[in-house]
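To start, the structure itself, in structure tokens.
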Amino acid sequence: FTTAVLGGAFGAVAALIIGTALRIAIFARREEIYIMRLVGARKGFIRRPFLVEGAIAGLVGGGVALALTWGTYQAVESFLFRVSWIPASWAVAVVAAGTSFGVLSSAVAVRRHLREV
């Protein structure tokens, strides 16, 4: 239960950080978005670069989380007691979950902005 609560809290913080970073990027490119809309760009065309940016942020976040987990595993293994490493499928799932979480967070941020404008 505690792990689920902490994971949910960390997930909420990550969503806020990714969403805020995307809003800043959207705000910085608001004139470009305005011009793209004037010439007839559809919302999907405007949304795609921000979704890719969110996917990259999530991919990097998942990779960093995996690297920190591996570092912790190495420290526990060498200084405290013997533990086993997570299966490779779980490691791939962590990175995939981070990527999809980044895409979802950026989709929410972009959708809000495109609705406001």
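Here R82 passes the criteria (1) exposed (fewer than 13 other Cβ atoms within 10 Å of the Cβ); (2) within 22 Å of A107 (Cβ to Cβ) except the one numbered (2).
Restricting attention to region 61-79, the residues that are loosely packed, with under 11 Cβ neighbours inside 10 Å and among the aliphatic types (A, V, I, L, M) add up to 3.
Within region 47-79, the set of residues being more than 19 Å from the chain's Cα centre (by Cα) and among the hydrophobic types (A, V, I, L, M, F, W, C) comprises W70, A75, V76, F79. Being touching a helix residue (DSSP H, G or I) at 6+ places or on another chain (Cβ under 6 Å), touching a residue at least 60 places away in the same chain (Cβ under 8 Å) and either outside any helix (DSSP H, G or I) or farther than 17 Å from G98 by Cβ (or both) is a property that R47 has. When restricted to residues that are open to solvent by 90 Å² or more (accessible area, probe 1.4 Å) and at pLDDT 85 or above, region 43-56 contains 3.
The values are calculated or read from the model by the stated rules, or taken from the named source; none is laboratory data. This is a predicted model, so every value here is computed, not measured. Here the Cβ is made from the backbone with ideal geometry for all residues, glycine too, and neighbour counts use every protein chain on show. Only protein heavy atoms, including side chains, enter the accessible area calculation; ligands, DNA and RNA are left aside. Shrake-Rupley method; radii C 1.70, N 1.55, O 1.52, S 1.80 Å.
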